[in-house]
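**Q** First, the structure itself, so that you have it in front of you.
The values are calculated or read from the model by the stated rules, or taken from the named source; none is laboratory data. Everything numeric in this text was worked out from a predicted model, so none of it was measured. Positions of Cβ are generated from backbone atoms using ideal geometry, with glycine treated the same way; all protein chains shown enter the neighbour counts. All accessible areas refer to the heavy atoms of the entire protein, side chains included, with ligands and DNA or RNA removed. Shrake-Rupley method; radii C 1.70, N 1.55, O 1.52, S 1.80 Å.
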Amino acid sequence: MTRLAVADARRDLSDILNRVVYSGERVILTRHGKDIAAIISSKDLEALEKIEDMVDVTEAEKRLSEGRKDAIPYEAIRKEMGLS
């Protein structure tokens with residue numbers, strides 16, 4: 001993983017994007033020596049989103065199996081979103 005100051009990244013953005021897309025490199029952007037953002041491939045982003053979805057589903061299944069009382073009824077959500 002490469003760390004790069006934002007100013008340097010701005011200057012070399014095209015090269016950085018090629019490294020991310022074609023080599024799968026991950027680039028951490030820094031400002032004043034602190035990590036502030038990352039540039040990753042869309043493939044990596046899709047994988048992260050799938051993991052987030054799996055975590056959400058696992059947590060929902062856990063809450064349902066525990067019979068948690070803090071669950072929001074489906075109809076209430078539909079109403080709140082203007083779907084009913």
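**Q** Go through segment 37-84 and give me each residue that's of a type in the set (A, V, I, L, M, F, W, C) and closer than 30 Å to Arg19 by Cβ. Walk me through it before giving the result.
**A** Our first condition is that a residue be of a type in the set (A, V, I, L, M, F, W, C); within segment 37-84, this holds for 37-40, 45, 47-48, 51, 54-55, 57, 60, 64, 71-72, 76-77, 81, 83.
Hits for segment 37-84 are Ala37, Ala38, Ile39, Ile40, Leu45, Ala47, Leu48, Ile51, Met54, Val55.
**Q** Separate question: Is it the case that some residue within segment 9-20 is in a strand (DSSP E or B), out of contact with any Cys (no Cβ under 9 Å at 6 or more places or on another chain) and open to solvent by 90 Å² or more (accessible area, probe 1.4 Å)?
**A** Taking segment 9-20 as the starting set, the residues that turn out to be in a strand (DSSP E or B) are none.
So far as segment 9-20 goes, no, none of its residues is in a strand (DSSP E or B), out of contact with any Cys (no Cβ under 9 Å at 6 or more places or on another chain) and open to solvent by 90 Å² or more (accessible area, probe 1.4 Å).
**Q** Please go through segment 28-84 and pick out each residue that is more than 25 Å from the chain's Cα centre (by Cα), in a helix (DSSP H, G or I) and basic (Lys, Arg).
**A** Correct list: Arg78, Lys79.
**Q** Out of the residues in segment 38-81 that are free of Cβ contacts under 8 Å to residues at least 12 places away in the same chain, small (Gly, Ala, Ser) and open to solvent by less than 70 Å² (accessible area, probe 1.4 Å), which is nearest to Ala7 (Cα to Cα)?
**A** The selected residue is Ala47.
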